[in-house]
């Protein structure tokens, strides 16, 4: 009888522990996002607010947009915050996401050594700037990591009608935005960066913005909920909660104010509810 009682207590304890662990798992959320949201410090502001408001615990994985979507395609993330529109659209067409909503934007800039050896500073066209960098053989550092920035950069080379791959002046880091900026600064090279990450690191880089403002440099971010119908382990409720949070009026106001106090200008511009 005593043995049966002990067994009953043990089973009850195991069941209780299982319920607790299951509840904890439901409150865990995996966010796969771009290095720019991490490197700028934006997530350091937003994630604690989300966790405080909802009780979720967020595991943030900051990689390139391509890698973030690859995680989504394997069901290894619950929600994505990315900035590679063409790849995002294909992600949705392939059924890996349930919703894709506009969150915010900033823009890309071409940065390089203040001496500007390729002479691109006076050019308005980014295509013309890329053509001069190639013609002068000036060193260009690419992220080369299948990120949203890398996808944009490849589009810009295509628009400039330049075959950059394999050229001695064209090098790939395979790293995130912050690390690529540091390497470009060290080697006195040009690179393409999102404005937010550049401004966040500007004081330590010794680099200058040498081309900006072209419409081709627009940088748009979306939040995507990963399709739980494909991957039962995906936390659909958590993903929905995060999407609702980042699109909420208060959060959008925080995004619009982020960077003003420290850099004198916002690093991102809120876009929730606006047409594409």
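The values are calculated or read from the model by the stated rules, or taken from the named source; none is laboratory data. Keep in mind it's a predicted model, so treat the numbers as computed, not measured. With ideal geometry, Cβ positions are generated from the backbone for all residues, glycine too; neighbour counts draw on all protein chains shown.
Scan segment 47-65 residue by residue and report those that are outside any helix (DSSP H, G or I) and over 21 Å from residue 144 (Cβ atoms).
55, 56, 57, 58, 59, 60
Take the residues of segment 33-46 that are out of contact with any strand residue (DSSP E or B) (no Cβ under 7 Å at 6 or more places or on another chain) and either part of a helix (DSSP H, G or I) or not assigned by TED's automatic domain parsing to the domain that holds residue 254 (or both): which is nearest to residue 259 (Cα to Cα)?
Filtering first and then ranking leaves 42.
Among the residues in segment 232-241, are any crowded, with 21+ Cβ neighbours inside 10 Å, outside the structural domain of residue 28 (by TED's automatic domain parsing), touching a strand residue (DSSP E or B) at 6+ places or on another chain (Cβ under 7 Å) and closer than 20 Å to residue 83 by Cβ?
no
Residues are listed down the side, and each one gets a yes or a no for (1) in contact (Cβ under 8 Å) with a residue 24 or more places away in the chain; (2) surrounded by fewer than 20 Cβ atoms within 10 Å (Cβ to Cβ); (3) closer than 29 Å to residue 258 by Cβ:
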| position | (1), (2), (3) |
| --- | --- |
| 57 | yes, yes, yes |
| 68 | yes, no, yes |
| 73 | no, yes, no |
| 76 | yes, yes, yes |
| 98 | yes, yes, yes |
| 106 | yes, no, yes |
| 109 | yes, no, yes |
| 133 | yes, no, no |
| 155 | yes, yes, yes |
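Determine whether segment 19-28 contains at least one residue that is at pLDDT 95 or above, under 17 Å from residue 243 (Cβ atoms) and either not assigned by TED's automatic domain parsing to the domain that holds residue 148 or not in a helix (DSSP H, G or I) (or both).
Checking segment 19-28: at least one residue is at pLDDT 95 or above, under 17 Å from residue 243 (Cβ atoms) and either not assigned by TED's automatic domain parsing to the domain that holds residue 148 or not in a helix (DSSP H, G or I) (or both).
Going through 256, 178 one at a time, which residue ends up being within 19 Å of the chain's Cα centre (by Cα), in the same structural domain as residue 143 (by TED's automatic domain parsing), on the phi < 0 side of the Ramachandran plot and assigned to a helix (DSSP H, G or I)?
Result: 178 is the single residue among 256, 178 that is within 19 Å of the chain's Cα centre (by Cα), in the same structural domain as residue 143 (by TED's automatic domain parsing), on the phi < 0 side of the Ramachandran plot and assigned to a helix (DSSP H, G or I).
For segment 117-126, which positions are closer than 17 Å to residue 193 by Cα and crowded, with 18+ Cβ neighbours inside 10 Å?
Within segment 117-126, 120, 126 qualify.
Filter the strands (runs of 3 or more DSSP E) completely within segment 66-148 down to those with at least 2 residues that are farther than 30 Å from residue 253 by Cα.
140-142
Considering segment 31-42 alone, what residues qualify as being under 13 Å from residue 196 (Cα atoms) and more than 10 Å from the chain's Cα centre (by Cα)?
40, 41, 42
Is there a residue in segment 213-226 that is surrounded by fewer than 16 Cβ atoms within 10 Å (Cβ to Cβ) and not in a helix (DSSP H, G or I)?
yes
Can you name every residue in segment 158-172 that is in contact with a strand residue (DSSP E or B) (Cβ under 9 Å, 6 or more places away or on another chain), outside any loop (DSSP other than H, G, I, E, B) and under 21 Å from residue 121 (Cβ atoms)?
Residue satisfying the conditions is 170 alone.
Looking at 203, 187 in this structure, which one is farther than 14 Å from residue 153 by Cβ, surrounded by fewer than 22 Cβ atoms within 10 Å (Cβ to Cβ), at pLDDT below 95 and more than 19 Å from the chain's Cα centre (by Cα)?
203
Tell me which residues, restricted to segment 242-266, are under 30 Å from residue 27 (Cβ atoms) and buried (at least 20 other Cβ atoms within 10 Å of the Cβ).
Those that are under 30 Å from residue 27 (Cβ atoms) and buried (at least 20 other Cβ atoms within 10 Å of the Cβ): 242, 243, 246, 251, 255, 258.
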